[in-house]
Structures are given as C-alpha cells and as structure tokens.
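K.L.:
Quick one: structure below, then a few questions.
The values are calculated or read from the model by the stated rules, or taken from the named source; none is laboratory data. Predicted, not measured: the structure shown is a model, and the values here were computed from it. Here Cβ is always computed from backbone atoms with ideal geometry, including for glycine, and neighbour counts include all displayed protein chains.
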Amino acid sequence: MASTACFMIVSKNDIPIYEAEVGTVPKKEDAAHQHQFILHAALDIVQDTAWTTSAMFLKAIDRFNDLVVSVYVTAGHILSFVMSDFIIHTRLMLLHDSRNEDGIKSFFQEVHELYIKASSVMFYNLI
Amino acid sequence: MEPDASIETSSMIRVAVIPISDVTPLLFRDYAAMLIRHHTVSLSSISSFYTEHQKSPFAHQPWESGSLRFKFILGGSPPSPWEDFQSNRKILAVIGICHCPSAPDLRSVADQFTAASKTYSSSLVQRCFAFCPVDSQLEDESVKGSNLILFPPADRQTQEFHLQTMVQDIAASLLMEFEKWVLQAESGGTVFKTPLDSQASLSSEEVIKAKKRRLGRAQKTIGDYCLLAGSPVDANAHYSTSLELTRLTADFFWYAGAMEGSVCALLMDRMGHKDPVLEDEVKYRYNSVILHYRKSFIQDNAQRVSPLSFELEATLKLARFLCRRELASDVVELLTATADGATSLIDASDKLVVYVEIARLFGELGYHRKAAFFSRQVAQLYLQQDNKFAAISAMQVLAMTTKAYRVQSRASIGPSNDAGQTHADGGKVHHHSIVSLFESQWSTLQMVVLREILLSAVRAGDPLAAWSAAARLLRSYYPLITPAGQNGLFGALVNSAERLPLGTRCSDPALPFVRLHSFPLHSSQMDIVKRNPAREDWWAGAAPSGPFIYTPFSKGEPNNSNKQELTWVVGEPVQVLVELANPCGFEVMVESIYLSVHSGNLDAFPVSVSLPPNSSKVITLSGIPTNEGLVSIPGCIVHCFGVITEHFFKEVDGLIIGATQGLVLSDPFRSCGAAKFKNVLLPSITVVPSLPLLVSHIAGGDGSVMLYEGEIRDVWISLANAGTVPVEQAHISLSGKNQDSVVTVASETLRSALPLKPGAEVTIRVTLKAWQLSKTDSDAAASKGMPGSSVRQAKDGSSPLLLIHYAGPLTTPGEPETVSAPPPGRRLVIPLNICVLQGLSFVKARLLSMEIPARIGEACSTQAQLERGNTEQVNGSERHADRLVKIDPNRGSWGLRLLELELYNPTDVVFETSVSVDMENTSNQENLSDNISAEHGEPKTRIDRDYTARVLIPLENFKLPVLDGSILGNSFQNNGTSGSRNNSFSEKNIKAELNASIKNLISKIKVRWQSGRNSSGELDIKDAIQAALQASVMDVLLPDPLTFGFRLAKASSGDINVDREVKSCVSGDSIIAHEMTAMEVLVRNNTKEAIRINLSIACKDVAGENCMEGDKATVLWEGVLSGISMEVPPLEEVKHAFSLYFLIPGEYTMLAAAMIYDANEVLRARARSDALDEPIFCRGPPYHVRVSGTR
C-alpha cells in the first residue's frame, strides 16, 4: 500500500533545516506543498503541547484530513540557551497517513541519534 | 451552516434590513450602522410600547433586567429550510431603509417596501424608515397609516434618538407577536418539519410517529420563542419538557436542538457570568448535543441532507465558548474534529463557512499558523469557484495569511517606523530582524502563497495587488524561480502595470536591488570647514597638522571616526552613488530612479537606466538641497515595470548580511558579479545655508606650468565667487610638497578685495620658482634616452597646494543673531601643478688660477687701491667691464683665481647665461652703483642645445683688504699668549668665520639664465661652488701679506722730462733702450703690523735668464737692487727707487721678492710654514717691461 510521509526537522526560530518526502506515494508537487503547509501549521500546536508533557515523543498531535502529524521534540539545545530567551527544541516532525505509532517512535529515535551525532561536530552549525 | 454562530445565537431575533428605492450603498451602510447600534433593547425600555392584550405566556419575563437581542441581516437572506427547527433562523422582522431625496414619491416607496417584505413570509413586523424627507413629503398624507416612518432632517443625535425609539417600538411589537404565536402554538395544530424528515408521502406508521413527536417539537419551538422574547426561565421550562418528550420519541435531532436551546437559556440566565462549574455544564451538555446530532444521522437521505452541519456548528459553538488560551488543547481538539468533519460536508459553502470559522477561532487562540493554514483552505475553496467575487474574496483571505507566512506586503505592515531612521546603533542589524524579514526557509510555502495571491489578484482584476505579489515573489525568490518563471512574472508585472493608471505607487519594491554605494566627497574646490567662532584663525586647526593621523591627546574633539558626517549646502548640487543589481534573466528598464528624501529638503533628479540580465551597475544620483536641516535618505524611489516604488537601502543591507550568514538565499549583488559587500553607513547629513563658493582659474590654462629647473615665473590666479553669499574672510596658506617653490603670494590683493561679492573676481599673483629635479629624476630621464625633451608629467603630490580658507558673513543679514554655530567656512585647494623640466645642468666646477703678467707703466696711481678692492676712486664707467675680470694690464695679476663652471644644456631650447656678482658687502655707498654695473655689464654666454659651455667667475674681488685679526690675526695673536684651550676655541671661531665668509662669497655669485622671451631663472649652484672652493678658500679670500708693484718714476731724474712721461703714457709705457729709466718698486704691507723685510729686485729677459748679473748682463742698473732692508709700516706703502738701463730692446720681466724678518704668527699661518725660524718669502707678480729700440 502506498503511504504518504513527509519528514522535516525544524530548528530554532521555527526554521526548517531538513525536509524530505519519504513516502511511497508517487511525488506530486502540490501534495508536497500541502504537506509543508500542514507541518508549518502544526508548529503552533507543538509549541504548546511540548510544555505539557515530559515525553519527547508527542505522538500524533495534529491531523488534517487523513494526514497525521507526529512530533518528536529533542531536549533543548544547551548552546542555544545562551543566545535566546528560552530553550529551543529541535522538532522532528513526520506527516504520515499510516498509524503505526511504534514504528514512528523508533524512526524518530533513530533520527534523533543521528541528529545528535551531526550536531555534536563542533564545526557544524545547525542554524 | 451559518457564519459567526455562537451559543447565544439562539436568542437573537433576526431582522432583515433592506434598501428601498434608490439608496446608494454608502448611505445604506451609514443608516444601517446607526441601526445596528441598537442590537440590544432592554425590556424595561419597551414597556411603554407594550400592551398586554391577553395573558402573556412568558410568565417569568425579567422586565427589569432582561432584554431582546437583534441580529440585523443587511440585505436580507433567503429563507432557510431549517426555520422550523430553529426559530432564530426565521426573519422575524423587516426594516426597509429609504433615502427620501432620491425617492420623491413616498407612495411608491411604501409599495416597494410592501412588495419586498412579502418575500419574508415569516416576518411578523415590517417597518420602512425613510430618512431626510423634504417638507412636501412630510406633509404627504397619503402614506399615513402605512409602515413608512419618516425621520425628519435633524442632527445626528436627534435622529439616533428617534431611531432608538422606533427600534423599541419594533421590539415591543415583536414581543406581542411572539406572545400571540406562542399562545397559538400551544393550542396546537402547527406541524414542525425539517428537511431531515422524509419528504415522500408519509406512510401511516410515519404519520403516527410524527404525531407523537409533534408535542416535543412544539415545546422546543415555544422554548425558542421564549428565548427570543428574552425570558430564559420560561424557555428552560419548555426545553425541559421538550427534552423529555423528544427523548421518549427518539427524536434525536430535536433533542439536540432542545439541548442547545437549554444551554443558551442557561447562559442567558447567568447573564454573562462564567465560572468553571458553568463551563463544565456547558461542555457536558454540548457534548451531548454533538452526540445527538451525530445520532440523528440517517443513512437514507444522507445524499440529500445531513445533520452534519448542525453537528459541526454545535462543535464550533462550543469551541467559541471555550476559546481561551488555557483551554487551548480542548479547543484545538474540537476544531480538528470540525475540520475532519468538514471534508464530508456536501455543500461547498458550508465547508467554506466551517473553514472560515476554524481559522477565526485559531486566530483568536493565537495560533496564527493554524489560522493561516485554514484561511488558505478557504481561499482555495474560493478559487475553485470561477468568478470574480470569489477571486476577490480569495485574495482578501490570502492577504490575511501573509503575516503568518511572512510574505506580507509592506503596505500591510504600515508605514515603516524605522525606515527613515539612520543607524543610530552603529549599523547593528539584529539577527532576529533579519530572520523575520527574510525567513526564506519556508520558501516553498511563501512562494505558493504569493503565487496564489498573484493568481487570485489577476482573476479578481486587481492589478495593483497582482503587481505587488509578483514583485514580492520576484524580489525575494528569484533564485528559486526558473528563467521561464521569471519571465512569466515579468509579464505579470508588465500586464498589471498596463491596467494601472500612470504614476501608481506600490509599497512593495520589485527589481532592481538598490544599495548605497558611496557618497562622493566634496571636490577639493568645495571643501567645507567648520568655523569656530571663538577663534579668529578658524582655519588653523582645520587641516590635519603633524605627521600623525590620530593624536591621542586630541580627545576633546568629537571625532567619531566610524560615524561619517556630511555637510551639504543649500543650492549646490550633491551626488550619491548607488549600486543597482538585476539578478534575473530579463532586462530591467528603470524608467526613472531618484533619491527618496523623507525630510523633504532635497530636490532629487531622476535618471533612467537599463540593466541587462544578471548585471549590476553603479550610478550617480544627484539632487539639490533646498532647505537647511537634516537630510534623511533611506532609499530610492524607483519607477520600474510601470509602477513607482520605494526601495530602502536598509532592507538590501539586511538581505546581504543575511546572505553572508547563510540565512537568506542569495546576495543579488554577488550573483551579478558586483564588488564585495561593504557596509556603507548612511551618514548623518546636514544641510547648511548657502555659502560663498570660490572658483579658481589659472590664467593661461589650468594645466600644469612647465618650468625649467630654477625658473622663476609669475602665475596669475583669478578667483571668482560663484556662490550667492559674499566672501568676507579669506586666508591663503601653502601645503603639500615643495612649498618653497612658491616665492610670493599676493595675499594682500585678495585681502584688499574683500568682501568679494557674488560674481566678483579677483586676480592674485603667485611667483613660482621651479625646484631642482632630484638626481634620480634626471637619471631616469637620461636613461629614457630623451635628454633633449624631458617632458614629464608633474608627479602627483610633488606640486605645492595653495589653500584658501574663506567664509561668508558670520550671521545672515536679516536674521537675528543666533547662538548656534556660525555657517561653516570653506577651503579651496588650488594645486599649483608645476611640471619641472630639466634645465641647464651643472656639470662641474673648477677653480683655476692664472698668472697674467702685468706691464709696468706709471700712469695709474690707483692700482694699489684697486687691488685692495677699494673702489673709492672709481675712475669711470669704462672700467666696469674690466672689473669683473680684473686684469689690469698695468698691474700684475699674480695668482688670479677663476671659478669655472661647466654647464650643459640638455633641453631643446637655447639658454643664455650671465654671471653677476653682487657686491653687497662692500662699502655702502658703492653698493648701488656696483650692482647696477654688475647687471649692466654682465656678458652673456649662449649655450645651444646639447652643448656644454663654461662660465668663468673671477674671484679676485673677494680678497679681503687686510690680512688681519678679524679673520686670522686675532686668533693667532691670542694663540701666543693664552693657553691651548683658548686655541681650540679660536680655531672653531676661525672655522665659523671662514664658513660665514665663504657663504657670503657664494651668495654673491649668481648665475642667471634666460631662454626665449619669458623664461628666466637662476642656477642653483651654491653647493657646487662651495665644493670647488673648499680646498683653496684661504688663497681666495686672504690677501698676501705684501704686495709688490713696479712703476716708472715720475721725476726720478731730470733727464726724464715731462714730455716723455706724457709720451710714455700715451705710447703705452714704452721704454726705450739706451736710456736711463727711473723706476720704483712699491711694497705694500697688508697687515696691521709693521714688517721688516729684505727686498730684492730681479729682471729677466725673454729666455728667463737673469739679465742684470753675470757676464752677459744686458741691463745696467743704478741704485740698490738686492738686500734692501726696510720696514714697511702697517697698511702702508714704501717706495724704493732705482734706475735701469736697457742695452737691448725687447721684453723683460721684473720681479720683486722679499724675505720677511721676524715674521709673526699671522704671516706664518698665511705662508703655511710651521718652523719658527724658517724665513718667509714673498714674491710679487711678474711685471712685463717692453723696451723698444728707438723712439
């Protein structure tokens, strides 16, 4: 079964630093736009929800039509703390249509690990 | 599905407000606005209009605190199929609005209104408000009794009061109608139907079912009317009954409706007081409402009608009720559910309303991105409808999303509050502001939104909005757009502009990118110098003095180096360089671009420029300041693509800084190959009132003056005041290199011409003397192989500069004396471009000595005096020429010294040189005549090109008259008595004295040259002469201690008579053989002490043999010729007479020599003898004697 999935990493100031269509549905430009629009809008909800729970995996926090937004919030950027007023979470966001919560969670954990490795390289400045 | 639904909507009486006859939309809106203000009418206020006809069914009506609420529907609305279900959906009253002046016939107005109100079958009350009737209409009796209500012309307040009364009247009428209706309904007979109920012919079972349900539905409807009548307690009672009944009959839809009504009644009863318990109650009941609406879904007629819209509406009502930040998660859940449900809505407009409401509620919650998302959904729904109005709506909705997506038009941000502000914080651009301005990371979304705005604007026929969207798209995202896409946008811009009137302004700039390049400094002709009123010589501190750029001690000066300050002058054109970039693939034709001046005191001149694809250009924008004060230039006004826009420098700066930090896509200037970004700060620019403006002009052309080395020439500089203010102060100074080449500047001329009125001109003379080219210069010229014409450009900076500081009056006439700083002064820099050509070049100098024997004669007794250099007895001007070359034929010139200068002419012109010796230091009276003689008498030496010539300068003249103390004597005398310490001191003294004498001597020698008619100058050969003289300066300067001379004795014997004497004089001192010739030898002591000497005289023949002694003596003599001891008194002459008898005619040479006894130190030093006992010899110059044979 073809599935839709759009993965995005959003850094501080809500700036996306990575975006990828990882679904198996054949790519359509309009759909890609729509996915980004949905993820962008979901940031409003992430912003509030992230503070209500200690869990990093926020599960499906938003949805539009058949598409569900799952979010994984990383721990605050320690370095960013100095520069801004509040701790910035990097948010790993996945827009998907299948409801495989465990699979999504493990996907997020894997990505998080890779992300930490990448951002630990001191010369690499993730915006 | 209705927009703006809330729980309270159930209690609102719906009133249609319709325009009657010709009412302009503007007036209609105006009148309606007056009406809408009366949306709530308290029950207490209508009691006077209310008459209780029968027992009111609203038993618990709160007459004291309750109110009726109206919902005015402007323009009316079509009847809803759900009117029976929710009575508040009925149009219960109709109000017509008529503007009498445009509808003269009131009768027809009344008719029109009646016709219009007929379409609202449910309406219970109809009134037509006619505003501003004329007198005739007021008197019109025909409309009396109709629903027409005239509002006589009055002030606004009166009219509003009148209107309020009328609304109260309507409210009272409605209340009475409600009572009537409720009483009628209670009595039974009314059938309540909804579209949900089967429309097909009812089966018997269904008829029975419907009959059962009727009672519950009636109770619900009565409850609705109770709510409308403002009586929640009554309503609640009816709803409770209804809930019971509908639950029993499983009439879920009406159950939900009754439940909704009961919640509204509950809220009305609490009159706006909210508490958590109430909220929980409302939540609980509404959840039940939603549940029951969902339950009422019947699969049979799902295709046709569905209670879904009621379910969603109820959800939205609850969300609106709960819509608070603290309950955000609940609201979000409700709204998400609504959005989910909306997908299954059948009616497109229902969907639209749902999305609009969701967007509004998200917006209220502060979730702007969510709101923007749903707004965009709304816009997409609008865009699906293919009509202009939908497109306009889409455009408007999208415009609201631009803020969340950060693509808003500058117009919507409002007047930029800091655009005009200069970089007060030193140009720091904050990170956040860059991000907010150019957050391009969501560029996909931003581009989609802008594209949709463009699309909807084109469809809506709004060319300005289309232009603005295309401009924003192109400007911000050109790197992401393909060339084809860029061309498409270019086309969109041009097409939109065609539909716009000429000169339309848009707040969003398109292309090109404009950044500040630089401010050209004032030309040196117009430099402005601050004037310090406290200092008379305000110009003194103006130029940087000293070798250091930064002096740590001048901290008092407000010298903020990184803050540029510019001063512009009213009426004098100024220039600003800006750089334009067009990073797109099409040519940008800028029809005009000029500086945008917010301060309004600069007239900017537009220029037109064309930018080829992917190019950048630096252009000069100019303007004329018109008023004094500060000038702020935040950007440029650009007329491009048919629209006028303002481009701010700051935005581009931010963009470029963002690009360097990787925050934005691209730096448009870098991609066009422009130079690297340099942060040009917008300086603070002050405009000062008009200043005088001096313009200089060098007579004979402003080019460089070609001068040969050492040439002296006058240059005439004319200064004209081109300003509008007179010059009142002026000061001339020099600067730059080779300042000593300016000999004189006629600053007096300038000063005397002050004040220099506007337009006036003064010419001043500057005398220049060309400097010597350095060795390397001349070498370079020689190596280039052009010794003849070494025409070289004056090297930069090698010429001196003439600085003229000048200023106008301290205060402007007519203005009171102000305490503020006086208008600044100016500095005019006139570079004296001197191009020095190699002139006569000095090759070498030599000191020559000559021995020219003199002849013996007796004529002139002045020889001795002449020799002393004393010119007291000047015997005629005929001697002037001889004096320079002092060869007196009658006098020995023993040891005559000549300075020979070898000069080479490498130029291609002819030089004439002349040597003059200024005898300034000789005795005073003679100075004048001597100088004159020197000038008149100097012989000229012509030196052709490429030739070398020699010039001789006799140095005999410089002999000191006395060999003595002042130079040598004193010191040597002292030497004997005082110690050696003194000696060294004296030696120093001697040296100094000698040097002074040499300098003096050298300064007297001048070699002047002339070439052509107007080139003349002086060779600078002082050093050369000094070098040549250094070795033998003593010989040149100091006289011999003794000088000797021979002459024929006047009356030596009786034989030599007067006659012969005269003859001999005439015949050139000829001496005849075989005659006794009386002679005298003169010995002069040039020292200040008597000298004892032993004199001897010799005579030699041509062969140099002594002809007075030996065997072959040819001369006989009488008197003493050798061993003559005598003492010569100081500074006096002693004669010694003798006679000679020449046997053979011919040439003889007479020599006198003396040995000095007891020579003192002076003499010893002069003779350079060291040994004390060594005798010192003195020889006189040889004298020729020509002895002729016969008379």
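K.L.:
Picking from B:LEU322, B:LEU312, B:LEU327, which residue would you name as being crowded, with 22+ Cβ neighbours inside 10 Å and within 28 Å of A:THR52 (Cβ to Cβ)?
P.N.:
B:LEU312
K.L.:
Which residue, of B:ASP702, B:ASP667, is more than 30 Å from B:PRO479 (Cα to Cα), at pLDDT below 80 and among the acidic types (Asp, Glu)?
P.N.:
B:ASP702
K.L.:
Would you pick out the residues in the stretch B:361-382 that are surrounded by 19 or more Cβ atoms within 10 Å (Cβ to Cβ) and either over 17 Å from A:ASP62 (Cα atoms) or small (Gly, Ala, Ser) (or both)?
P.N.:
B:ALA371, B:ALA372, B:SER375, B:ARG376, B:VAL378, B:ALA379, B:LEU381, B:TYR382
K.L.:
Then there's this: Considering the stretch B:70-118 alone, what residues qualify as being among the polar types (S, T, N, Q) and either within 30 Å of B:GLY257 (Cβ to Cβ) or not in a helix (DSSP H, G or I) (or both)?
P.N.:
If the condition is that a residue be among the polar types (S, T, N, Q) and either within 30 Å of B:GLY257 (Cβ to Cβ) or not in a helix (DSSP H, G or I) (or both), then B:SER77, B:SER80, B:GLN86, B:SER87, B:ASN88, B:SER117 are the ones that fit.
K.L.:
Right, another one. Can you report the number of residues in the stretch A:47-66 which are in contact with a Leu (Cβ under 8 Å, 6 or more places away or on another chain) and either farther than 15 Å from B:GLU333 by Cα or more than 11 Å from every other protein chain (Cβ to nearest Cβ) (or both)?
P.N.:
1
K.L.:
Next question, about the same structure. Out of the stretch B:49-92, which residues are over 20 Å from B:LEU227 (Cβ atoms) and buried (at least 19 other Cβ atoms within 10 Å of the Cβ)?
P.N.:
Once the filter is applied, which keeps residues that are over 20 Å from B:LEU227 (Cβ atoms) and buried (at least 19 other Cβ atoms within 10 Å of the Cβ), the stretch B:49-92 yields only B:GLY76.
K.L.:
Being among the β-branched types (Val, Ile, Thr) and at pLDDT below 80 is the filter here, so list the residues in the stretch B:493-546 that pass it.
P.N.:
B:ILE528, B:VAL529
K.L.:
Consider B:PHE310 against the criteria (1) away from chain A (no Cβ under 14 Å); (2) in a helix (DSSP H, G or I); (3) in contact with a Leu (Cβ under 9 Å, 6 or more places away or on another chain); (4) hydrophobic (A, V, I, L, M, F, W, C): it satisfies all of them except one. Which criterion is unmet?
P.N.:
Result: B:PHE310 fails condition (3) only.
K.L.:
Follow-up question, since we're still on this one. Looking at the stretch A:7-41 only, could you name the residues that are modelled with pLDDT of 80 or more and under 22 Å from B:ALA379 (Cβ atoms)?
P.N.:
A:HIS33, A:GLN34, A:HIS35, A:GLN36, A:PHE37, A:ILE38, A:LEU39, A:HIS40, A:ALA41
K.L.:
For residues that are farther than 18 Å from B:ARG406 by Cα and more than 7 Å from every other protein chain (Cβ to nearest Cβ), tally how many sit in the stretch A:36-46.
P.N.:
The qualifying residues number 1.
K.L.:
Which residues, counting only those in the stretch A:17-33, are in a helix (DSSP H, G or I) and either at the interface with chain B (Cβ under 9 Å from one of its Cβ atoms) or surrounded by fewer than 16 Cβ atoms within 10 Å (Cβ to Cβ) (or both)?
P.N.:
A:GLU29, A:ASP30, A:ALA32, A:HIS33
K.L.:
B:ILE97 - would you say it is buried (at least 17 other Cβ atoms within 10 Å of the Cβ) and under 18 Å from B:ILE170 (Cβ atoms)?
P.N.:
Judged against the criteria, B:ILE97 is a match.
K.L.:
For the stretch B:250-277, what are the residues that are over 23 Å from B:HIS60 (Cα atoms), touching a His at 6+ places or on another chain (Cβ under 9 Å) and not hydrophobic (A, V, I, L, M, F, W, C)?
P.N.:
The answer is B:TYR255, and nothing else.
K.L.:
For the stretch B:51-62, check the following and say yes or no: at least one residue is without any contact (Cβ under 8 Å) to a residue 40 or more places away in the chain and within 60 Å of the chain's Cα centre (by Cα).
P.N.:
no
K.L.:
Another question, if that's okay. Quick one: is B:GLY366 within 14 Å of chain A (Cβ to nearest Cβ), of a type in the set (Gly, Ala, Ser) and touching a residue at least 40 places away in the same chain (Cβ under 8 Å)? If you could, list the steps in order and put the result at the bottom.
P.N.:
On the way: within 14 Å of chain A (Cβ to nearest Cβ): yes; of a type in the set (Gly, Ala, Ser): yes; touching a residue at least 40 places away in the same chain (Cβ under 8 Å): yes.
Spelling it out, B:GLY366 is indeed within 14 Å of chain A (Cβ to nearest Cβ), of a type in the set (Gly, Ala, Ser) and touching a residue at least 40 places away in the same chain (Cβ under 8 Å).
K.L.:
Tell me the residue from B:ASP1059, B:ASP1023 that is exposed (fewer than 13 other Cβ atoms within 10 Å of the Cβ), modelled with pLDDT of 70 or more, acidic (Asp, Glu) and in a helix (DSSP H, G or I), please.
P.N.:
The unique qualifying residue is B:ASP1023.
K.L.:
Let me ask you something else. Within the stretch A:1-16, which residues are in contact with a helix residue (DSSP H, G or I) (Cβ under 8 Å, 6 or more places away or on another chain), within 10 Å of chain B (Cβ to nearest Cβ) and assigned to a loop (DSSP other than H, G, I, E, B)?
P.N.:
A:ILE15
K.L.:
Follow-up question, since we're still on this one. Find the residue count for the stretch B:414-432, including only residues that are within 14 Å of another protein chain (Cβ to nearest Cβ) and either surrounded by 13 or more Cβ atoms within 10 Å (Cβ to Cβ) or modelled with pLDDT of 85 or more (or both).
P.N.:
Within the stretch B:414-432, the subset within 14 Å of another protein chain (Cβ to nearest Cβ) is B:430-432.
With the extra rule that they be either surrounded by 13 or more Cβ atoms within 10 Å (Cβ to Cβ) or modelled with pLDDT of 85 or more (or both), the set shrinks to B:431.
Number satisfying all stated conditions: 1.
K.L.:
May I pose another question? In the stretch B:382-413, what count of residues is obtained for those that are within 14 Å of chain A (Cβ to nearest Cβ) and part of a helix (DSSP H, G or I)?
P.N.:
Counting residues in the stretch B:382-413 that are within 14 Å of chain A (Cβ to nearest Cβ) and part of a helix (DSSP H, G or I) gives 4.
K.L.:
Here are the criteria: (1) of a type in the set (Phe, Trp, Tyr); (2) within 14 Å of chain A (Cβ to nearest Cβ); (3) under 30 Å from B:SER240 (Cα atoms). Tell me which single one B:TYR293 does not satisfy.
P.N.:
(2)
K.L.:
I need the full set of residues from the stretch B:1108-1118 which are modelled with pLDDT of 80 or more and part of a loop (DSSP other than H, G, I, E, B), in order please.
P.N.:
Residue satisfying the conditions is B:THR1114 alone.
K.L.:
Consider B:ALA237 against the criteria (1) within 14 Å of another protein chain (Cβ to nearest Cβ); (2) surrounded by fewer than 22 Cβ atoms within 10 Å (Cβ to Cβ): it satisfies all of them except one. Which criterion is unmet?
P.N.:
Of everything listed in (1) within 14 Å of another protein chain (Cβ to nearest Cβ); (2) surrounded by fewer than 22 Cβ atoms within 10 Å (Cβ to Cβ), B:ALA237 misses just condition (1).
K.L.:
Condition first: buried (at least 20 other Cβ atoms within 10 Å of the Cβ) and within 10 Å of chain A (Cβ to nearest Cβ). Can you find one or more residues in the stretch B:343-359 that meet it?
P.N.:
no
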